[in-house]
Amino acid sequence: MQINVFDICAADDGVSYQSLDDVPLDLSSLSVEEVLRCLRWLKLHEYVERFRTDQVDGRLLVAIDRHVLLEEFGFKRVDAIKLEMFAQRGWRP
């Protein structure tokens, strides 16, 4: 059995979801830590610290559009599309 170091480090962050499949389509009830976990699962690691600093929880995430992700958060265009589709349309990879 292979042990993932990330899983060990993230196990105590208070997040109850084990994968993106467990995350509800309505993200508005997610905590900041749950949003950060989703970013990691979506391979958007480079934005985690900014979202933590800005305390982006589920209610904020569903209100943020692509323009804000690109202009305010410095997202690459494909990353902005990915997160917007996840947050607003329930897309899962």
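The values are calculated or read from the model by the stated rules, or taken from the named source; none is laboratory data. Quick caveat: nothing in here was measured; it's all calculated off a predicted structure. Reconstructed Cβ throughout: ideal geometry from the backbone, glycine too, with neighbour counts over all protein chains shown.
Filtering GLN18, GLN2 for residues that are exposed (fewer than 14 other Cβ atoms within 10 Å of the Cβ), under 16 Å from ARG92 (Cβ atoms), out of contact with any strand residue (DSSP E or B) (no Cβ under 9 Å at 6 or more places or on another chain) and modelled with pLDDT under 95 leaves a single hit, GLN18.
Hey, can you tell me all the residues within the range 23-47 that are of a type in the set (Gly, Ala, Ser) and assigned to a helix (DSSP H, G or I)? SER28, SER29, listed by residue number. Give me the residue from the range 48-93 that is among the β-branched types (Val, Ile, Thr) and assigned to a helix (DSSP H, G or I) and, out of that set, nearest to ASP22 (Cα to Cα). By that ranking, first place goes to VAL62. So, in the range 65-93, of the ones that are more than 12 Å from the chain's Cα centre (by Cα), surrounded by 13 or more Cβ atoms within 10 Å (Cβ to Cβ) and of a type in the set (A, V, I, L, M), which residue ends up nearest to LEU25 (Cα to Cα)? Selected residue: ILE81.
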